[in-house]
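**Q** My questions all concern the structure below.
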Amino acid sequence: MSDVPDLPGTFDGAVLIDPEDLLLSLTKTPEYKELQNLVDDFDIFSIFDSALEDNSWKHGLAFLFNSRKGHGMGPAVFREWLSQAATQGPEPLKHLIARLGIDDDCDFRTMNNLQAGPRSLDILVEIIDQAGNLKAVLAIEDKSGSGGGYDPLLDYQQAIAESYPNVPKLLIYLVNYPVWRGEPEPRFFPCVSCQIDSVVKTCEKLESAAPGNVRLLFSSIRTHIERRLLGRKKMDEQAREIIQRLYQRREHRQAIRLISQFAPTIRAMVEDMHNVVRHALAELPQLIRPEGNIVWSFFPKGAVSPKEIKIEFSEMTTRTDGQGLTIVYVLDCDNNEPDVGDTYTVRLMVWWHEEVARQKLQMLNFRAYLPAPLAKPEGWANWEPIWVGNSYRLEDIGEKDTQGMSAILVDAIAKTYSRIRDRINEKLK
């Protein structure tokens with residue numbers, strides 16, 4: 001027998017069926033083998049990305065976007081992507097693309113050497129008119145795999161504005177979640193999000209008509225994005241069909257229900273953390289104890305194992321929402337799909353909703369009133385990093401991790417919350 005004696009037996013008529021037998025029978029089905037084989041999908045960029053960074057597909061896309069390269073597609077690839085982006089982005093995007101003044105005679109030249117801060121922009125497209133003059137520039141940055149870390153968008157805007165001062169400019173950043181209709185306020189020129197699915201649809205549309213070697217490039221870019229950056233959307237669809245077949249047999253239905261009921265998940269662990277954190281906070285001295293309700297949320301919202309676990313306090317939110325600021329503690333994982341062995345780090349972050357709010361945040365200067373962070377604070381989009389606390393490595397996604405994750409969160413709150421509250425009470429009347 002294996003180590004699942006705590007699972008209840010299941011009656012089938014007068015016969016008691018052992019849960020282990022149910023699960024074992026499930027693993028011997030052809031459908032179970034199909035599910036295992038789904039993880040063996042291949043794309044050419046996985047070879048490079050295992051040894052290098054996750055950049056090789058972007059180099060391939062830049063090659064295809066350059067109408068002067070020898071891929072035989074001319075300007076068709078970039079034009080098709082612009083068309084797809086106009087439908088995959090927020091409503092203003094199609095108007096911003098129109099302002100670039102791209103006509104039928106334009107050529108497109110990609111540049112790959114624009115540096116800003118510690119990073120280089122993924123793709124910069126120079127739009128050239130019939131006379132060979134620079135007409136506009138469009139920058140593209142992939143943020144589909146970003147849930148945290150250094151955010152370069154403002155640095156890129158500044159660098160592009162300095163390098164191309166006299167032409168229309170647009171920066172599009174690719175995401176793998178629904179685009180936000182109210183974009184961050186641009187500092188230098190428009191900066192808008194767009195779904196990375198626009199690249200997938202471009203490859204799908206042009207792949208069949210492309211020359212053989214270019215067809216492989218289209219196919220690999222599409223497969224790579226679907227598999228690595230879109231939450232394995234295609235794999236999920238195949239898995240759903242296989243599981244539906246398994247579900248037709250009663251004993252497999254029972255096994256699937258047992259797995260659903262007892263499989264450990266981050267989301268279920270967080271439910272257990274609620275009480276642990278609440279009781280621990282109640283034991284803190286009154287001067288540093290948060291008051292009011294605690295609100296928990298996740299990113300991605302519907303994820304069973306979310307990368308980010310966000311904690312807000314109603315006491316703080318009541319004071320700051322009207323100022324255009326939202327203060328949250330974030331348990332941020334180093335993996336987009338957290339599992340045993342991955343690490344969560346607690347971060348104190350502030351979301352600023354507009355430029356006026358950002359200026360208020362600068363005035364508050366929270367960092368000067370907090371203990372030294374345990375790592376370099378790193379922000380993304382409109383999230384301003386304030387402080388970084390301890391990290392915790394997942395071991396069982398159960399009781400041990402519930403206690404460990406709760407401990408680093410409560411420790412962070414005890415060290416920082418009252419100092420933030422006092423600064424707000426002093427400066428935001």
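**Q** Just name one of Gly322, Ala414, Val340: the one whose Cα is farthest towards the positive end of the charge dipole of segment 266-427 (beta-carbon charges, Lys/Arg +1, Asp/Glu -1).
**A** Of the candidates, Gly322 comes out farthest on the positive side.
**Q** Which length gain, in nm to one decimal place, applies between Ser297 and Ser25 when the Cα-Cα distance is subtracted from 0.36 nm times their residue separation? Don't jump to the answer; show the numbers that get you there.
**A** On the way: separation 272, 0.36 × 272 = 97.92 nm, distance 3.76 nm.
94.2 nm is the gain from fully extending Ser297 to Ser25.
**Q** Tell me the relative contact order for segment 266-427 as a rounded percent, counting alpha carbon contacts under 8 Å between residues six or more apart.
**A** It rounds to 24 percent for segment 266-427.
**Q** Per-residue HN-Hα couplings for segment 280-286, Karplus 6.51 cos²θ - 1.76 cosθ + 1.60 at θ = phi - 60°, whole Hz, x for Gly and Pro?
**A** Result, rounded to whole Hz: 5, 5, 5, 8, 5, x, 4.
**Q** Can you find, among Leu284, Trp296, Thr402, the residue farthest towards the positive end of the dipole of segment 266-427? Put +1 on the C-beta of Lys and Arg, -1 on that of Asp and Glu.
**A** My answer, from the dipole projection, is Leu284.
**Q** Of the listed peptides 132-140, 105-113, what is their order by residue-averaged count of other C-beta atoms within 10 Å, with the highest listed first?
**A** Details: 132-140: 17.7, 105-113: 15.3.
Result, highest mean first: 132-140, 105-113.
**Q** What is the spin-label model distance, in nm, from Asn166 to Asp272 if the labels are put 7 Å beyond Cα along the C-beta direction?
**A** 6.6
**Q** Continuing with the same structure: Between Leu370 and Leu284, with labels modelled 7 Å along Cα→Cβ, what's the label distance in nm to one decimal, could you check?
**A** The answer from the label model is 1.3 nm.
**Q** Looking at segment 286-318, which trypsin sites (Lys or Arg not before Pro) are DSSP coil and have at most 14 other C-beta atoms within 10 Å of their C-beta? List each step's numbers first, then the result.
**A** On the way: sites: Lys301, Lys307, Lys310; in loops: Lys301, Lys307.
Passing sites in segment 286-318 are Lys301.
**Q** Multiply the residue separation of Arg68 and Lys205 by 0.36 nm, subtract the distance between their alpha-carbon atoms, and state the gained length in nm to one decimal.
**A** Full extension of this stretch gives 47.3 nm more.
**Q** Quick one: length gained pulling Asp321 to Glu426 fully straight, 0.36 nm per residue minus the C-alpha distance? Walk me through the numbers before you get to the answer.
**A** Working: separation 105, 0.36 × 105 = 37.80 nm, distance 1.64 nm.
Extra length available between Asp321 and Glu426 comes to 36.2 nm.
Each value in this text was obtained by applying a stated rule to the coordinates, not by laboratory testing. Note that the structure is predicted; figures quoted are calculated from it, not measured. Here Cβ is always computed from backbone atoms with ideal geometry, including for glycine, and neighbour counts include all displayed protein chains.
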